[in-house]
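Here's the structure we're looking at; comments come further down.
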Amino acid sequence: MPIWAEGGILLLEVRNLTAYYGMVRALKDVSFNVSEGEIVAMIGPNGAGKSTALKAVCGLLKATDGRIEGGEILFDGESIIGLRTDELVMKGLSLVPEGRRVFPTMTVSENLEMGAFTEKNRASIKEDIDKVFALFPLLKERTKQKAGTLSTGEQQMLALGRALMLKPKLLLADEPSLGLSPNFVDLIFEKLVEINANGTSILIVEQNALMALEVAHRGYVFRIGEIVLTDSGKNLLSNEEVKKAFLGGQ
Ligand SMILES: Nc1ncnc2c1ncn2[C@@H]1O[C@H](COP(=O)(O)OP(=O)(O)OP(=O)(O)O)[C@@H](O)[C@H]1O
Ligand SMILES: [Mg+2]
């Protein structure tokens, strides 16, 4: 089976990225890419630098006192280092951050409307909300419910839905399955596959390596700030080292 990146159009290309928090180097010479149509997974132990890599891509390192000390980040062939998050959103990049941040005192539909800050046309916002509801019918039943009172799994759906309101070309998701019950984990991964089938590329960071590699076209394995292995999702799933380290030796 061909690996997508070999034939596909590169959407995101990160070359030799090095990043620091203070004196501590969190990423060293890290290179990865995502082609149009792909789901790409980043796996690795706690503290390996996965979230840092995502934050670097979406311009959020500064907000956490981190900085890029070298390397390039290209989106659609253009350098995006130094762009603000809203500028990145306009280019088609949107992030579902770790810990599903929804606006707790706003309702489900208000949260989705807030997501649509790049779109001014009321009719098309309504259309996009309907698309989110088609993807997550459970949210539709809770349109008027305050987001803070949704269950953890429902909040994760809302966070995903809100990111989709920006109609991203590339959706970045940091640990979307964290803290969810097995049924919700399955559902979230199913939805990611559906979102991808509808034309959105996805870069996902996951502790749940098994699920992530099952849905990913390709994956990268992080260890102490470096990428130590990359291959198709399928090959990584059957790689002995990966099995031992991340898949409970299955
Ligand atoms: N704001 C920060 N200030 C200082 N150090 C940080 C900061 N954020 C992360 N780090 C450090 O950078 C390294 C990489 O962290 P990062 O959050 O990228 O790891 P991760 O692979 O996402 O881990 P996890 O799987 O636990 O989420 C860790 O050693 C972490 O302690
Ligand atoms: Mg992380």
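Before moving on, here are some points about what is shown:
- K167 more than 16 Å from ligand 2 (Cβ to nearest atom), touching a Pro at 6+ places or on another chain (Cβ under 9 Å) and touching a residue at least 40 places away in the same chain (Cβ under 8 Å): no
- Odd one out for E175 among (1) crowded, with 23+ Cβ neighbours inside 10 Å; (2) more than 20 Å from G8 (Cβ to Cβ): (1)
- Summed over region 28-42, residues that are of a type outside the set (D, E, K, R) and surrounded by fewer than 20 Cβ atoms within 10 Å (Cβ to Cβ) total 3.
- Within region 199-208, the presence of at least one residue that is part of a loop (DSSP other than H, G, I, E, B), within 23 Å of G37 (Cβ to Cβ) and within 16 Å of ligand 2 (Cβ to nearest atom) is confirmed.
- I81 being of a type outside the set (G, A, S), more than 9 Å from ligand 1 (Cβ to nearest atom) and assigned to a loop (DSSP other than H, G, I, E, B): yes
- Here region 102-128 is the region considered, the condition is being aliphatic (A, V, I, L, M) and outside any loop (DSSP other than H, G, I, E, B), and the residue that is surrounded by the fewest Cβ atoms within 10 Å (Cβ to Cβ) is A123.
- Test: residue in region 15-30 that is touching a helix residue (DSSP H, G or I) at 6+ places or on another chain (Cβ under 7 Å) and either modelled with pLDDT under 95 or in a loop (DSSP other than H, G, I, E, B) (or both): no
- For region 53-68, the candidate set comprises residues that are closer than 18 Å to G225 by Cβ and touching a residue at least 60 places away in the same chain (Cβ under 8 Å); within that set, the residue that is farthest from ligand 1 (Cβ to nearest atom) is V57.
- Scoring S94 on the criteria (1) within 13 Å of M165 (Cβ to Cβ); (2) touching a Lys or Arg at 6+ places or on another chain (Cβ under 8 Å) leaves a single failure, condition (2).
- Candidates V205, V193, filtered to the one that is crowded, with 21+ Cβ neighbours inside 10 Å and either closer than 27 Å to R100 by Cα or in contact (Cβ under 8 Å) with a residue 24 or more places away in the chain (or both): V205
- Positions within region 212-250 being hydrophobic (A, V, I, L, M, F, W, C), within 16 Å of ligand 2 (Cβ to nearest atom) and on the phi < 0 side of the Ramachandran plot, in sequence order: A212, V221, F222, I227, F246
- Going through (1) of a type in the set (D, E); (2) more than 23 Å from K91 (Cβ to Cβ); (3) within 12 Å of the chain's Cα centre (by Cα) one by one, E154 falls short only on (3).
- Some residue of region 7-18 being free of Cβ contacts under 8 Å to residues at least 40 places away in the same chain, more than 10 Å from ligand 1 (Cβ to nearest atom), surrounded by 14 or more Cβ atoms within 10 Å (Cβ to Cβ) and small (G, A, S): yes
- Taken as a whole, the structure leaves K50 outside the set of residues that are charged (D, E, K, R) and touching a helix residue (DSSP H, G or I) at 6+ places or on another chain (Cβ under 8 Å).
The values are calculated or read from the model by the stated rules, or taken from the named source; none is laboratory data. None of these values were measured; they are calculated from a predicted model. No Cβ is skipped: glycine too gets one built from the backbone with ideal geometry, and neighbour counts run over all protein chains shown.
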